[in-house]
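Participant: Following this message is one structure expressed as structure tokens.
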Amino acid sequence: MLRHLVSTVKDAVESDAADMSTRPVIQVSGIRKTYSSTVAVDEVSFEVIDGEIFGLIGPNGAGKTTTMECIEGLRRPDHGTISVLGLDPFRQVYELQPRIGIQLQQAQLQKRIKVWEALSLWASLYGKKSEDGELLLKQLGLAEKRNTWFMDLSGGQKQRLFIALALINDPALVFLDELTTGLDPQSRRVIWDLVRGIRERGKTVFLTTHLMEEAERLCDRVAIMERGRIIDIDTPARLVTRHCPERTVIIGLDDPSAEETFRKVPQVEEVTRSDLGFTIRGRGEDLVSDLIRCISENRMRVTNFRTIIPNLEDVFLKVTGHSIRD
Amino acid sequence: MNLRGLWTLTWVELKIFLREPLGALGTIVIPVLVFVLLGRGVGKRLDPSELATSGFLHVGLPVLASLLIAISSVLSLATIVSIYREGGILKRLRATPLRPTTILTAHVLVKLLLTATTLCVMVLAGKRYYPVGVHVPVFNFTLALIISTWSILSIGFLIASTVPTARFAQPVGAIILYPMVAVSGLFVPLESLPPAMRALGRITPLTYAVSLLGGIWKGDPWSAHWTDVAALVLTFVVCTAISAKVFRWE
């Protein structure tokens, strides 16, 4: 009896510990949102776990922003339930706001508001000191822009200011909607580093993007969304493995007889010869290592070895039947 | 009402407005200049005995000038609110602990402050061109103008709530407000207007603003104008109630 009790307590403690690492901070179940006759979000359900960067990816008009704004409490879904940090974002929006940080898609500030004024206004709204804002300005590389009007900032600087505003209240959860849209590749990389920095501080990041490269480099897990529905959710690597197991290896080798040897390697499906060597197609994670073993066991004089591995963009094409750029 | 951030936001919005190319110039300097020039041009050609009998210069001009200040505030409010909506600024502000009413109240306060400031500067400048001995109840008149502006601002909000884009705010507002001045009894007494226009004048809030401002300028007690105040408050309540229903944040 006593032993039973002890083991129950132990189970409870262990399951608590397990909960701590995978505690959902956002739970969305069965939400739907329609605008007149258009269904923007259609029976969407997912969870976002504490401390991860979670990305909602899909083309423009897929329903990403509507989904995010329902979670932020800015819109009310027609039906379905949402829990954010244990709160109902629509009914308890004023309790939720101090605990979340928001960056909106295509938002603007007053043209002639100075950078420091915006931060100090935001700080006062959340009951924080202005110094917190100054520190953020330094961290985001905006310190020398503190007296600049919003309208005179570059696109990247505006986005960094919006990140600063989203972080001013030291939120547990940060929402970033199409953060790098319209930015040049260099500013984009700076922003990516900043977002990784947010995660390092132990915060959860929920972002939307239509850039597959961004999702692949930044997100721990992504949900692919199209026409208001979520098609699949997983880590970028697992999504690629699941939906696009094809691998292509290009080998530079001037030896026609090798063709037969390559064909015998398990998982190889197709070998084509060209002037410079072979293009080998197959599927599965082991294809590349099997080919390397084959090359070394047969002491082939290889001059080139290149692998073509599918990415999220290919996954998107596979699961939706069209490219994200269409 | 939770007013957290109201003072900070009002202060920031005031600074932003004064940074506009036509901010301070348009709201304070130009009205005062026009008033002074008018006073100089018309005033010099009149001898003091005529001044006492000239109702328009005596009461009408200050009331007209005040009304124009109020209307320019209202048009500017309608424009700013629609620009803020178009640019997503309203939406961004709403996604903070700021209450919607706080955001709008801050703008109203900025406008009222500017209206009152312009009026005070105008009265000080105008003192030179008015016969000595006219005791204008500056405090009461300022209060009357603030009440009138507040009431007309609610019409501005209604315009801002319904215009499709910011470009329409100014012309739509002007088309609605300036004809109201024509039938307000300021230039021609209500009684001498054709019946249709007279009826229109009676339901126009500006008529009550004109009556209140003119009366207070002449030194009437507040008790003589309670119907005017009531009409202005009613306008405010009705317009605010409709705005609250139809206002769009984005």
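Laboratory data are not the source of any read-out in this text; all were calculated from the coordinates shown. Treat the numbers as computed from the prediction; the structure is a model and nothing was measured. Methodologically, a virtual Cβ is constructed for each residue, glycine included, from the backbone with ideal geometry; neighbour enumeration extends over all protein chains shown.
Participant: Listing A:LEU137, A:LEU312, B:LEU90 from the residue with the fewest other Cβ atoms within 10 Å to the one with the most, what is the order?
Facilitator: Ranking A:LEU137, A:LEU312, B:LEU90 by Cβ neighbours within 10 Å, fewest first, gives A:LEU137, B:LEU90, A:LEU312.
Participant: Quickly estimate the mean residue ellipticity at 222 nm for chain B, helices only: each DSSP H run with n ≥ 4 gives -39500 (n - 2.57), and the total goes over all residues, rounded to 500.
Facilitator: It lands at -24000 deg cm²/dmol.
Participant: Tell me, what does the Kirkwood hydrodynamic radius of segment A:76-194 come to in angstroms if you use every pair of distinct C-alpha atoms?
Facilitator: Values: mean 1/r = 0.0659 Å⁻¹.
The Cα-based Kirkwood calculation yields 15.2 Å.
Participant: Further question on the same structure: Would you please calculate the Kirkwood hydrodynamic radius of segment A:11-241 over all C-alpha pairs and express it in Å, rounded to one decimal? Walk me through the intermediate numbers first.
Facilitator: Values: mean 1/r = 0.0547 Å⁻¹.
Over segment A:11-241, the inverse of the mean reciprocal pair distance is 18.3 Å.
Participant: So for chain B, considering every pair of alpha-carbon atoms, how many percent are separated by more than 26 Å? Working shown, then result.
Facilitator: On the way: 12761 of 31125 pairs.
Considering chain B, 41 percent of its Cα-Cα pairs are separated by more than 26 Å.
Participant: Need one number: nm distance between label points at A:ASP152 and B:ARG167, each 7 Å from Cα along Cα→Cβ, rounded to one decimal.
Facilitator: Computed distance between label sites A:ASP152 and B:ARG167 equals 2.9 nm.
Participant: Once the Cα gyration tensor of the protein assembly as shown is found, what semi-axes does its equivalent ellipsoid get, as square roots of 5 times the eigenvalues, in whole Å, sorted largest first? Let's see the in-between values first.
Facilitator: On the way: eigenvalues 903, 134, 94 Å².
Over the Cα atoms of the protein assembly as shown, the ellipsoid semi-axes are 67, 26, 22 Å.
Participant: Still on this structure, I have one more. Whole Å is fine, so just give me how far the alpha carbon centre of segment B:138-174 lies from that of segment A:82-148.
Facilitator: One Cα centre to the other: 31 Å.
Participant: Under the definition of partner shielding as Cβ atoms of other protein chains within 10 Å of a residue Cβ, what is the mean value for peptide B:13-19?
Facilitator: Details: counts 3, 0, 5, 9, 2, 1, 6.
Per-residue shielding by partner chains comes out at 4.
Participant: Please give the average number of partner chain Cβ atoms lying within 10 Å of the Cβ of each residue in B:94-107, rounded to a whole number. Could the numbers behind the result be given before it?
Facilitator: On the way: counts 3, 15, 10, 10, 4, 1, 0, 0, 1, 0, 0, 0, 0, 0.
Shielding by partners across B:94-107 averages 3.
Participant: Then there's this: Loop only per DSSP, at most 14 neighbouring Cβ atoms within 10 Å: give me the GluC sites (Glu not before Pro) in segment A:248-326, ordered by residue number. All intermediate terms of the calculation are to be shown ahead of the outcome.
Facilitator: Working: sites: A:GLU259, A:GLU260, A:GLU269, A:GLU270, A:GLU285, A:GLU297, A:GLU313; in loops: A:GLU285.
Qualifying residues, ordered by number: A:GLU285.
Participant: While we're looking at this one, here's another question. At 7 Å along Cα-to-Cβ for each site, give me the label-to-label distance between A:ASP254 and B:TYR178 in nm.
Facilitator: 8.6
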